[in-house]
Protein chains: 2
Amino acid sequence: MKALGEAALTIVGTGLMGSSLALTLRGKVKSTCGVDPDPGHLEAAAAYFDAVTPHLEQAVAQSDVIILAAPIRAILQLLNRLSPILKPGTLVLDLGSTKRDIVQAMDKLPTRVLAVAGHPMCGKERSGPEAADKALYNGCVFVLCPTQRSTPEALEFAEGMIRAVGAHPLMMGAERHDAAVAAISHLPYLLSVGLVGAVKDTAEDDKLPWKLAAGGFRDTSRLAASDVTMMADILLTNREAVLDALRLFDAQLIALREALQSSDEQALRGILDGARQTRIDWARSRTEE
Amino acid sequence: MKALGEAALTIVGTGLMGSSLALTLRGKVKSTCGVDPDPGHLEAAAAYFDAVTPHLEQAVAQSDVIILAAPIRAILQLLNRLSPILKPGTLVLDLGSTKRDIVQAMDKLPTRVLAVAGHPMCGKERSGPEAADKALYNGCVFVLCPTQRSTPEALEFAEGMIRAVGAHPLMMGAERHDAAVAAISHLPYLLSVGLVGAVKDTAEDDKLPWKLAAGGFRDTSRLAASDVTMMADILLTNREAVLDALRLFDAQLIALREALQSSDEQALRGILDGARQTRIDWARSRTEE
């Protein structure tokens with residue numbers, strides 16, 4: 001495995017995540033090549049990469065490391081497509097938001113190649129190269145899931161690259177990752193989508209709710225503006241864990257509704273107090289890190 | 001009714017809303033007096049008012065306008081307590097977050113006094129005088145609900161005061177207000193509380209979710225840190241409208257869950273696309289205002 005500074009990187013997908021990564025790795029690697037089938041994306045992303053091209057095969061032939069920065073099912077298709085053409089010793093990484101299916105696909109890559117699955121815990125509701133941000137990865141937790149194609153050297157390279165963009169590598173199994181993100185990322189997205197739908201229904205005959213909506217609605221509904229292709233891939237490849245998280249949420253809502261229906265102030269305050277303290281403790285733990 | 005610049009104001013409740021209002025009205029009214037039963041609050045708020053006192057009756061005797069900036073059920077108790085002691089022509093305003101019960105109580109005030117119910121659509125998850133903010137009211141919609149004690153002069157005074165703090169007065173009936181805020185404010189709070197509870201349950205045996213929680217969780221759970229006394233009052237005085245909003249939300253979640261359970265990508269994308277477009281349109285309409 002080459003050192004980070006000697007490695008020629010190809011980043012497949014020049015959206016928010018790929019372009020931000022290229023921007024942040026500039027000068028810390030030998031070269032960056034951006035690959036995207038979308039000419040508009042390629043043009044917008046050109047300034048962040050040493051080179052851009054729509055031709056995957058050509059870029060891959062000249063690269064030591066391939067980073068797949070695309071929606072999950074596009075990553076799965078790319079792994080199929082790359083499998084026969086990867087040079088011996090090439091390292092494949094990815095930035096997909098669910099890890100089980102991707103790790104399974106990486107496990108099946110030819111034994112001549114290396115692969116580590118990854119998920120940086122950062123993002124924005126805006127997408128595309130126009131949203132690229134040099135600080136996007138700074139300070140975030142970057143999950144790494146080992147595969148049957150992960151050697152110690154491959155993991156070391158991935159960790160070094162993560163540290164080079166200011167993020168914190170955290171190694172874990174794919175199933176554990178997927179269950180955790182179902183609760184802290186995919187569930188909030190679904191609540192956000194459901195909230196927007198409920199307000200839309202409330203405002204069907206009287207637009208007043210849209211006029212009164214302020215900071216609370218803004219923050220709670222922010223995720224509903226996320227890219228739909230990305231989110232549909234996430235939900236459909238993490239179905240069981242997301243349904244589990246929804247069940248836990250339902251139990252919370254049932255308890256809240258019962259306390260409210262019976263005007264049981266003590267029960268209501270108990271739930272509200274518990275959530276408040278938990279949220280405050282979490283925020284405090286983040287500040288202390 | 002005196003002009004704003006000639007009016008002696010008493011603000012009952014020196015928390016976030018009352019202290020921010022005093023701070024913003026300074027120099028635009030004759031005087032501001034802060035009343036609070038909590039000595040710690042009074043001390044922290046002293047810098048924002050011309051005078052502070054724990055004695056409600058004494059402050060009220062010297063004031064032209066009384067502004068009730070307390071949790072809803074405290075406002076209802078204050079209206080009972082003020083009813084026999086208000087001087088003829090005194091104007092009572094309030095900043096309570098639900099309006100039906102408060103308007104009903106104001107309707108019963110003696111005919112010698114004036115009263116207009118109000119709700120500024122602003123706030124923070126932090127509370128107390130320490131969180132006071134001169135810009136809190138700037139640009140926000142400030143709902144006014146007329147009562148049987150509202151004269152044109154009383155409404156005009158309230159509108160003038162609202163404009164003086166940079167907010168936009170919007171007149172409407174209490175029921176219409178309460179239904180709208182159930183959807184855009186009380187529902188997001190309950191979702192936020194339920195989300196925190198669901199993540200807590202997920203993290204019972206493995207703390208990983210708390211470690212991975214990032215921007216999406218942060219924003220969607222922010223409201224769960226709100227003051228519990230304030231929120232319990234809001235929920236219990238707006239029970240029916242909140243339960244209606246929860247029913248509309250449930251219908252959204254059922255549709256999402258069905259699409260997910262059956263891996264019906266088309267149905268799933270339909271819901272996600274609709275919410276995304278609605279959220280983007282709302283954000284755009286805010287920018288254009």
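The values are calculated or read from the model by the stated rules, or taken from the named source; none is laboratory data. Since the model is a prediction, treat every value here as computed from it, not as a measurement. Note: ideal-geometry Cβ built from the backbone for every residue, glycine included; neighbour counts use all protein chains shown. These accessible areas exclude ligands, DNA and RNA; they are computed on the full protein's heavy atoms, side chains included. Shrake-Rupley method; radii C 1.70, N 1.55, O 1.52, S 1.80 Å.
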Q) Mind checking which residues of segment B:45-55 are over 15 Å from residue B:21 (Cβ atoms) and open to solvent by less than 40 Å² (accessible area, probe 1.4 Å)? A) B:53
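Restricting attention to segment A:15-30, does a residue exist that is β-branched (Val, Ile, Thr) and in a strand (DSSP E or B)? Step through it out loud before you land on a result.
So the first thing to find is which residues in segment A:15-30 are β-branched (Val, Ile, Thr), and the list is A:24, A:29.
Narrowing further to those that are in a strand (DSSP E or B): none.
No, there is no match, as no residue in segment A:15-30 is β-branched (Val, Ile, Thr) and in a strand (DSSP E or B).
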**Q.** segment A:257-277 residues that are without any contact (Cβ under 8 Å) to a residue 12 or more places away in the chain, paired with ones that are among the charged types (D, E, K, R) and open to solvent by 40 Å² or more (accessible area, probe 1.4 Å) (beta carbon under 6 Å, 6 or more apart)
**A.** A:260/B:239
Q) If you scan segment B:171-194, which residues turn out to be open to solvent by 40 Å² or more (accessible area, probe 1.4 Å), touching a Lys or Arg at 6+ places or on another chain (Cβ under 7 Å) and at the interface with chain A (Cβ under 7 Å from one of its Cβ atoms)? A) none
Q: Filter segment B:215-230 down to residues that are among the aliphatic types (A, V, I, L, M) and more than 7 Å from chain A (Cβ to nearest Cβ), then give me how many there are.
A: 1
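Please work out which residue is nearest to residue A:244 (Cα to Cα), limiting yourself to segment B:231-289 and to residues that are assigned to a loop (DSSP other than H, G, I, E, B) and either open to solvent by less than 40 Å² (accessible area, probe 1.4 Å) or more than 9 Å from chain A (Cβ to nearest Cβ) (or both). Spell out how you get there, then give the answer.
In the first step, residues of segment B:231-289 are kept if they are assigned to a loop (DSSP other than H, G, I, E, B); the result is B:238, B:262-264, B:289.
Next, from what is left, pick out any that are either open to solvent by less than 40 Å² (accessible area, probe 1.4 Å) or more than 9 Å from chain A (Cβ to nearest Cβ) (or both): B:238, B:262, B:264, B:289.
Numbers: B:238: 31, B:262: 15, B:264: 18, B:289: 41 Å.
The qualifying residue nearest to residue A:244 (Cα to Cα) is B:262.
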Q) Condition test on residue B:81, is it free of Cβ contacts under 8 Å to residues at least 60 places away in the same chain, of a type in the set (Lys, Arg) and over 23 Å from residue B:101 (Cα atoms)? A) no
**Q.** Where residue B:35 falls short, out of the listed (1) touching a Phe, Trp or Tyr at 6+ places or on another chain (Cβ under 7 Å); (2) buried (at least 22 other Cβ atoms within 10 Å of the Cβ)
**A.** (1)
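For segment B:208-229, check the following and say yes or no: at least one residue is among the polar types (S, T, N, Q), assigned to a helix (DSSP H, G or I) and in contact (Cβ under 8 Å) with a residue 60 or more places away in the chain. Even if it seems obvious, please write down each step before you answer.
Pass one, segment B:208-229, residues among the polar types (S, T, N, Q): B:220-221, B:226, B:229.
Still in the running and assigned to a helix (DSSP H, G or I): B:220-221, B:229.
When the remaining residues are screened for being in contact (Cβ under 8 Å) with a residue 60 or more places away in the chain, the result is B:229.
Scanning segment B:208-229 turns up at least one residue that is among the polar types (S, T, N, Q), assigned to a helix (DSSP H, G or I) and in contact (Cβ under 8 Å) with a residue 60 or more places away in the chain.
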Q: May I ask you to list the residues in segment A:148-169 that are of a type outside the set (A, V, I, L, M) and either buried (at least 22 other Cβ atoms within 10 Å of the Cβ) or modelled with pLDDT under 95 (or both)?
A: A:157
Q) Which residues, taken from segment B:200-214, are open to solvent by less than 20 Å² (accessible area, probe 1.4 Å) and more than 7 Å from every other protein chain (Cβ to nearest Cβ)? A) B:203
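Do we have residue B:197 as more than 17 Å from residue B:96 (Cα to Cα), open to solvent by less than 30 Å² (accessible area, probe 1.4 Å) and more than 10 Å from chain A (Cβ to nearest Cβ) here? First the steps, then the outcome.
On the way: more than 17 Å from residue B:96 (Cα to Cα): yes; open to solvent by less than 30 Å² (accessible area, probe 1.4 Å): yes; more than 10 Å from chain A (Cβ to nearest Cβ): no.
For residue B:197, the condition - more than 17 Å from residue B:96 (Cα to Cα), open to solvent by less than 30 Å² (accessible area, probe 1.4 Å) and more than 10 Å from chain A (Cβ to nearest Cβ) - is not met.
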